[in-house]
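For reference, the structure is listed below as structure tokens.
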Amino acid sequence: MKTKSSLVAIPSDSGNGVVAESRLPTDPAAPAILDGIVSRSGAVRDALDLVARVAPTDVTVLVTGETGTGKELIARAIHRRSRRCRRPLIALNVGAVPDPLVATELFGHEPGAFTGALQRRVGRFELADHGTLFLDEIGELSPEMQIALLRVLQEGEFERLGGIQTQHVDVRIVSATHRDLEAEVYRGRFRADLYYRLSVFPIPLPPLRDRAEDIPALAEQFLRGVGACLGREFAGIEPESLARLQAFSWPGNVRELENVIEHSAILCDGAQLHVPPGLLIERHPRPRPAGPLGAALKHSEEEMIKNALKAARGRVSGPSGAAARLGVPPSTLESKIRKLGIDKLEYRLGVPIAGAPK
Ligand SMILES: Nc1ncnc2c1ncn2[C@@H]1O[C@H](COP(=O)(O)OP(=O)(O)OP(=O)(O)O)[C@@H](O)[C@H]1O
Ligand SMILES: [Mg+2]
């Protein structure tokens with residue numbers, strides 16, 4: 001089992017051309033769509049550059065980002081550009097499998113391992129031998145399973161449930177989570193040793209609201225796709241609709257944009273795509289402060305601090321920290337945060353404040 005924590009060089013004569021193909025164009029005028037991944041913004045180009053660099057190695061990758069930001073797309077791109085591309089990419093969404101079943105899904109079982117286990121079952125680790133295992137929603141892994149996974153990552157071996165024979169596999173692990181695992185470690189919810197094993201090479205994906213420049217190209221790509229399904233060719237997107245798309249906050253990120261384009265295309269009779277404003281209603285309008293002026297000012301201050309913390313993902317200092325965004329010294333902001341009883345970690349964990357400050 002390959003679980004090395006340092007970059008593994010791939011011989012240039014690996015023969016499948018993957019290395020050469022994985023180099024990204026550095027010319028800003030080069031196509032902004034690669035392997036179906038729209039990457040007009042610097043942030044996504046950076047992520048794709050990381051993909052190109054890490055894909056040919058056997059290094060363990062952790063892809064992070066809010067729901068719908070393209071984590072699975074990136075995991076698949078890593079596999080496709082790796083020397084393992086002719087072997088399977090096996091995926092398991094650990095958050096979607098009931099806890100007691102995660103072990104059998106990962107490691108398989110022998111007949112009689114538990115009631116109802118009539119036949120041998122091969123787990124995902126064995127299915128992914130010589131390929132890639134994509135562990136989605138890894139932050140949902142129970143403490144028991146964190147220990148079990150750590151053992152495989154450390155020792156490169158495991159037994160099927162109810163089995164005595166040790167299995168050895170050669171598997172490259174790519175995992176993904178919408179959580180800030182570092183903060184989960186800090187809070188004692190995720191094992192630090194496992195975190196460091198999984199996040200040897202992190203690839204963060206920013207939310208769509210922070211890269212509005214990707215929206216036109218993404219929307220056009222989705223429109224071409226839905227147009228092909230509907231047997232129609234749209235003459236682009238109405239300028240007002242495009243402006244609305246770029247101003248929206250996209251809590252569901254790229255997946256939500258895709259749904260909105262499909263929905264709009266089905267409703268649209270015109271040559272250019274019209275996006276009904278009703279599809280883009282901010283679901284979490286800000287509550288209006290009420291009461292005396294002092295309370296209202298305090299409320300506004302708290303709201304601004306929380307929004308800045310949200311944008312800075314809980315970081316106070318630094319050039320993109322909340323203090324810089326608010327134009328105050330970090331020490332002043334720290335003292336206000338303490339006074340207001342705001343928990344910075346909540347913003348590091350990516351807990352949505354949903355426009356309604358707590
Ligand atoms: N940069 C991109 N270019 C083109 N399509 C994208 C891009 N990013 C995401 N998508 C599309 O958006 C949808 C959601 O992507 P994906 O399933 O990879 O997100 P995710 O981060 O894994 O979401 P979740 O956390 O909910 O599982 C998919 O249909 C994917 O093809
Ligand atoms: Mg996913």
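The values are calculated or read from the model by the stated rules, or taken from the named source; none is laboratory data. Predicted model, so just to flag it, every value in this text is computed and none were measured. Virtual Cβ from ideal backbone geometry, glycine too; neighbours counted across all protein chains shown.
Structure above, values below:
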item	result
Breaking point among (1) within 14 Å of ligand 1 (Cβ to nearest atom); (2) outside any strand (DSSP E or B), for CYS85	(1)
Index of the failed condition, ARG45 passing every other in (1) modelled with pLDDT under 95; (2) over 29 Å from GLU155 (Cα atoms); (3) part of a loop (DSSP other than H, G, I, E, B)	(3)
Residues located in the stretch 50-68, provided they are polar (S, T, N, Q) and either outside any loop (DSSP other than H, G, I, E, B) or more than 9 Å from ligand 2 (Cβ to nearest atom) (or both)	THR57, THR60, THR64
The one condition in (1) more than 27 Å from ILE203 (Cβ to Cβ); (2) in contact (Cβ under 8 Å) with a residue 40 or more places away in the chain; (3) among the small types (Gly, Ala, Ser) that ALA96 fails to fulfil	(1)
Condition broken by ALA192, with the remaining ones in (1) free of Cβ contacts under 8 Å to residues at least 40 places away in the same chain; (2) over 30 Å from ILE173 (Cβ atoms) satisfied	(2)
Boolean, HIS79 is within 16 Å of ligand 2 (Cβ to nearest atom) and under 24 Å from VAL200 (Cα atoms)	yes
